[in-house]
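Structure, as structure tokens:
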Amino acid sequence: MVSRVIPVEPFDLVVFGGTGDLARRKILPALYRRFLAGQMGETSRVIGAARSVMDAAGYRDFVRAAIDEFDPVSAGDEGALAAFLERLSYVAVDATGDTGWDRLAGEVGSGRIRAFYFSVGPRLFGALAERLHEYGMADSDSRIVVEKPFGRDLASARELNRVLAQHFHEHQIYRIDHYLGKETVQNLMAVRFGNMLFEPLWNSQYVDHIQITVAESVGVGGRGDYYDRAGAMRDMMQNHLMQLLCLIAMEPPAKFDPDAVRDEKLKVIRALDPVAPDNVVRGQYEADGDKPDYRAQVGDPESTTESFVALKAHVSNWRWAGTPFYLRTGKRLKDRASEIAVVFKETPHSIFGEDAGRHRNILTIRLQPNEGIELGVTIKEPGPGGMRLVDVPLDMTFAEALGPDSADFPDAYERLIMDVIRGNQTLFMRGDEVEAAWAWTDPIIEGWEERGDAPKPYDSGSAGPDDALMLMHRDGRRWREIKP
Ligand code: NAP
């Protein structure tokens with residue numbers, strides 16, 4: 001099975017922050033792969049924009065080096081890479097000044113889709129929107145893509161929404177959460193709403209609890225400055241884990257269209273109970289051999305920012321009342337592994353006797369690595385010797401079921417950038433969703449600040465602080481092992 005490539009209309013995509021880390025690692029390699037897939041047609045172009053002064057040839061060298069480093073396999077096709085680089089140009093602009101804007105306005109074509117990727121810090125979003133308007137680039141069909149973090153609390157998110165709304169309508173604003181671009185996340189919706197099997201069981205009567213884990217094995221690395229001002233709650237929980245929770249918990253939308261899906265997600269966020277202090281645990285990683293501890297890594301021996309957070313959330317509505325959602329995320333954990341596990345209740349009675357044990361079905365949605373979906377079912381252990389039960393996975397990994405080419409799907413950034421060009425906002429966060437997520441997150445963070453709570457230390461390579469384990473133990477439950 002070969003993945004279908006749906007043509008898109010010709011576009012000019014301006015990448016503000018086109019010399020930055022995110023552009024190098026994700027955006028430019030993703031565009032090159034879409035070029036290879038034939039989605040840049042004959043004429044679509046990419047224009048890098050940042051303050052650094054360089055000409056188009058210099059920028060092409062820069063992009064070539066980025067693709068060599070971050071997608072060496074695709075970079076191997078010299079002819080294709082050279083053809084892609086021909087589609088690139090560069091304009092030096094200052095978001096906060098007037099340098100370069102006339103030139104940029106001349107460079108961006110008309111009669112084609114115009115998209116502007118704001119791959120810069122959020123403090124520049126307002127200035128960029130203003131300049132695009134001032135220099136006549138913000139027509140009613142142009143789109144802007146904004147990166148996370150979308151604010152650091154409700155007040156700043158509101159302010160960003162207000163500033164962007166001065167020059168762009170909501171249908172032109174694409175707030176990226178790359179987790180929503182993952183193939184498996186969309187497959188989760190297909191599994192939920194494309195099968196009769198799951199939906200009748202998808203409620204507190206049959207689901208014991210839900211676990212969402214986004215674990216990283218690396219520390220803060222070179223992003224210490226940013227991370228220390230954010231922490232796991234702002235950097236991961238408020239956006240990525242919250243979005244995953246929404247997709248699991250939402251009611252079936254009437255249609256798979258942007259506002260129908262986002263309306264349902266918003267209702268979930270608004271149904272979340274405030275989190276009591278004893279239902280949330282924050283942690284900070286310790287040193288590991290010659291790898292420094294969190295505080296040394298961010299260069300602040302007094303830092304009280306969390307590199308780990310775990311919490312128990314309740315969605316107070318008819319479907320979910322009584323089913324807890326346990327969420328955790330952190331750095332320097334045992335492995336890099338992200339998954340959602342829907343843990344069903346035990347069978348009410350064992351006809352095979354207590355020795356056979358009572359079993360639970362678990363639906364696991366693996367986000368990384370090895371994206372796929374797996375359903376644990378209980379069967380008889382083969383062979384003589386009575387009725388012994390074992391749990392086996394029904395593996396819905398795409399490559400197994402649909403052939404090896406099916407695993408060759410676009411990565412999240414590729415898909416999301418093409419959705420921007422297509423004008424499809426389904427996988428992007430709406431302004432009111434982001435605000436509602438902050439409204440839920442803010443009191444948790446304010447509570448830490450008011451009480452002076454310090455994060456609990458945890459060993460690098462562990463599953464986080466012991467208190468996080470207790471969060472589930474005291475409910476008679478256990479976290480699933482963090483493994484790829
Ligand atoms: P970065 O490496 O610091 O890059 C910032 C970019 O903005 C550079 O190209 C810089 O180039 C440009 N820039 C700075 N000030 C400017 C100005 N006044 N006018 C025009 N351009 C300006 O940052 P990044 O890591 O790529 O992050 C970009 C955005 O993505 C941030 O909002 C970040 O939070 C978000 N993000 C990043 C990652 C990641 O992994 N890096 C992940 C998720 C989200 P010049 O200095 O040449 O102007």
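Couple of notes before you dig in:
- Taking region 1-59 as the range and being at positive phi and at pLDDT 95 or above as the test, only 17 passes.
- When region 276-287 is limited to residues that are of a type outside the set (S, T, N, Q) and in contact with a Pro (Cβ under 8 Å, 6 or more places away or on another chain), the one that is nearest to residue 472 (Cα to Cα) turns out to be 281.
- Given (1) of a type outside the set (D, E, K, R); (2) open to solvent by less than 70 Å² (accessible area, probe 1.4 Å); (3) in contact with a strand residue (DSSP E or B) (Cβ under 9 Å, 6 or more places away or on another chain), number of the condition residue 452 does not satisfy: (3)
- Residue under evaluation residue 425, criteria (1) in contact with a helix residue (DSSP H, G or I) (Cβ under 8 Å, 6 or more places away or on another chain); (2) not in a loop (DSSP other than H, G, I, E, B), criterion not met: (2)
- For region 318-360, the tally of residues that are of a type outside the set (Phe, Trp, Tyr) and surrounded by 19 or more Cβ atoms within 10 Å (Cβ to Cβ) stands at 16.
- Cβ separations smaller than 6 Å between residues 6+ apart or across chains give the following pairs from region 470-484 residues that are among the aliphatic types (A, V, I, L, M) to residues that are exposed (fewer than 13 other Cβ atoms within 10 Å of the Cβ) and assigned to a loop (DSSP other than H, G, I, E, B): 472/478.
- Test: residue 384 is open to solvent by 60 Å² or more (accessible area, probe 1.4 Å) and over 25 Å from residue 482 (Cβ atoms): yes
- Verdict on residue 415 being modelled with pLDDT of 90 or more, assigned to a strand (DSSP E or B) and among the charged types (D, E, K, R): no
- Members of region 170-205 found to be in contact (Cβ under 8 Å) with a residue 60 or more places away in the chain and among the aliphatic types (A, V, I, L, M), listed by number: 173, 176, 180, 185, 188, 189, 191, 201
- Every pair of residues 6+ apart whose Cβ atoms lie under 8 Å, when the first sits in region 206-233 and is within 14 Å of residue 325 (Cβ to Cβ) while the second is at pLDDT below 95 and away from the ligand (no atom under 14 Å from the Cβ): 208/346; 208/360; 213/482; 214/367
- Region 431-484, subset touching a Lys or Arg at 6+ places or on another chain (Cβ under 8 Å) and among the β-branched types (Val, Ile, Thr), residue nearest to residue 342 (Cα to Cα): 482
- Residue that is hydrophobic (A, V, I, L, M, F, W, C) and out of contact with any strand residue (DSSP E or B) (no Cβ under 8 Å at 6 or more places or on another chain), where the choices are 197, 132, 164: 197
- Selection status of residue 35, under 25 Å from residue 102 (Cβ atoms), open to solvent by 20 Å² or more (accessible area, probe 1.4 Å) and assigned to a helix (DSSP H, G or I): no
- Pairs, first more than 9 Å from the ligand (Cβ to nearest atom) in region 15-36, second open to solvent by 30 Å² or more (accessible area, probe 1.4 Å) and at pLDDT 95 or above, C-beta under 8 Å, six or more apart: 35/83; 35/87
- Elements of type helices (runs of 4 or more DSSP H) in region 44-130, at least 3 residues being surrounded by 15 or more Cβ atoms within 10 Å (Cβ to Cβ), within 15 Å of the ligand (Cβ to nearest atom) and free of Cβ contacts under 8 Å to residues at least 24 places away in the same chain: none
The values are calculated or read from the model by the stated rules, or taken from the named source; none is laboratory data. Owing to the predicted nature of the structure, the values given are computational and were not obtained by experimental measurement. Heads up, the Cβs are rebuilt from the backbone with ideal geometry, glycines too, and the neighbour counts pull from every protein chain shown. Side chains included, ligands, DNA and RNA excluded: accessible areas come from the protein's heavy atoms. Shrake-Rupley method; radii C 1.70, N 1.55, O 1.52, S 1.80 Å.
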